[in-house]
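Visitor: Pasting in a structure now, in structure tokens, and then I'll have a few things to ask.
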Amino acid sequence: MINHDEASLNIPTHNYSPLVTPEKYAELSGLSLNAVKSAIQEGRLPVIHRANGRRGRSYINMKSIEEFAVEQAKLHQFWKELI
């Protein structure tokens, strides 16, 4: 008998930090790095700026993106009918 718990499934799980670099976000989303950097500059992605070194570093806030996705799913229930 097959046990249907998550541990028995052959699905890789990854636990990432809630903050990811633009390079990692590009890898996870399938977007090009230039597209991600453009979205950051245009304010279309939630970022946190760390001031380390001369120019600092931007990190994309994945938790904010997840919360936005959940909120949008609640508002737009009709997408379930399309599946």
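Visitor: So residue 51 clears everything in (1) surrounded by 14 or more Cβ atoms within 10 Å (Cβ to Cβ); (2) free of Cβ contacts under 8 Å to residues at least 24 places away in the same chain except one condition, right? Which one?
Guide: Unmet condition: (1).
Yes/no per residue for (1) among the hydrophobic types (A, V, I, L, M, F, W, C); (2) at pLDDT below 95; (3) surrounded by fewer than 11 Cβ atoms within 10 Å (Cβ to Cβ):
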site	(1), (2), (3)
11	yes, yes, yes
19	yes, yes, no
26	yes, no, no
32	no, no, yes
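The values are calculated or read from the model by the stated rules, or taken from the named source; none is laboratory data. Only a predicted model underlies this, so the values are computations on that prediction, with no experimental measurement involved. With ideal geometry, Cβ positions are generated from the backbone for all residues, glycine too; neighbour counts draw on all protein chains shown.
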